[in-house]
Amino acid sequence: MRWIVDAMNVIGSRPDGWWQDRHGAMVALVQRLDRWATVKGDKVTVVFERPPSTAIRSTVIEVAHAPEAAANSADDEIIRLVAADPQPHDIRVVTSDRVLAERVRSLGASVCRAEGFRDLIDPAASRAGGTPHAGSTGAS
């Protein structure tokens, strides 16, 4: 199984203050995906809408971004990745974006909703009602 993750859709699925430190939330997502992919053994590509302000690297998963930041740019990059894969039926796209979900399904991929996937990659935070992302104290 190959997973393609709509990064900002997953990050935005929980109101945990991610908007106060967008880069920190992006790093935290990659770290969660690294841990999950190591245990699961599946291939994971996380797609951001634009290059991060500071590069985010992983030796476990592929960190990708749209070539240019624009409305729906990550969606278009996800479509490109699915369309280019010779076995799209082996791909599960993580998104709660209805239009993107319809587009990838029409190419043969399956879809996992962002909220459910976030619970899957971070079950402790799910039970605790969410945790602040890396770099946040959680204080208001």
Notebook entry, point to check: Under a 5 Å amide H to amide H cut-off, with H placed in plane at 1.01 Å, what residues pair with Val60 once short-range neighbours are removed?
Noted result: none
Note to self: Give me the percent relative contact order of the chain, please, defined on Cα pairs under 8 angstrom at least 6 residues apart.
What the structure shows: 30 percent
Next item on the list: Could you tell me how many degrees, from 0 to 90 and to the nearest 10, lie between the Cα long axis of helix 73-84 and the main elongation axis, the longest principal axis, of the Cα atoms of the chain?
Entry: 40 degrees
Notebook entry, point to check: So who's got an amide H within less than 5 Å of the one on Val94, skipping anything under 5 residues away but keeping other chains? H placed 1.01 Å off N, in plane.
Noted result: Ile4, Val5, Asp6, Cys112
Next item on the list: Counting other beta carbons within 10 Å of each Cβ, put His23, His65 in order, fewest first.
Entry: His23, His65
Margin query: Looking at the chain as a GNM with Cα springs under 10 Å, which of Pro86, Pro15, Pro51 has the largest mean-square fluctuation?
Written below: Pro86
Next item on the list: Hey, can you grab everything whose amide H is under 5 Å from the amide H of Lys43? Only 5+ residues off in sequence or another chain; H modelled, so Pro and N-termini drop out.
Entry: Trp3
Margin query: Let's see if you can work this out: charge +1 on each Lys and Arg Cβ, -1 on each Asp and Glu Cβ, no other charges. What is the dipole magnitude of the range 2-121 about its Cα centre, in debye to the nearest 20?
Written below: 260 debye
Check: For the range 100-114, what does the Karplus curve 6.51 cos²θ - 1.76 cosθ + 1.60, with θ = phi - 60°, yield as ³J(HN,Hα) per residue in whole Hz, taken in order and with x for Gly and Pro?
Finding: 4, 4, 4, 5, 6, 4, 5, 8, x, 7, 9, 10, 10, 5, 4
Margin query: Please arrange Glu115, Glu77 by how many other C-beta atoms lie within 10 Å of their C-beta, fewest to most.
Written below: Glu115, Glu77
Note to self: Given R₀ = 41 Å, what would the calculated FRET efficiency be for Asn72 paired with Arg35, taking r from the Cβ atoms and rounding to 0.05?
What the structure shows: 0.90
Item checked: Ellipticity estimate at 222 nm from DSSP helix runs (n ≥ 4, -39,500 (n - 2.57)) divided over the chain, nearest 500 -> -12000 deg cm²/dmol
Margin query: Per residue of the range 40-50, what does 6.51 cos²θ - 1.76 cosθ + 1.60 with θ = phi - 60° give for ³J(HN,Hα)? Whole Hz please, x for Gly and Pro, Karplus curve as stated.
Written below: 6, x, 8, 7, 10, 10, 9, 10, 9, 6, 7
Check: Exposure proxy check: Val39, Val63, Val27 ranked by fewest other beta carbons within 10 Å?
Finding: Val39, Val27, Val63
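Coordinate-derived values only; no laboratory data. For clarity, every value in this text was computed on a predicted model and none was experimentally measured. No Cβ is skipped: glycine too gets one built from the backbone with ideal geometry, and neighbour counts run over all protein chains shown.
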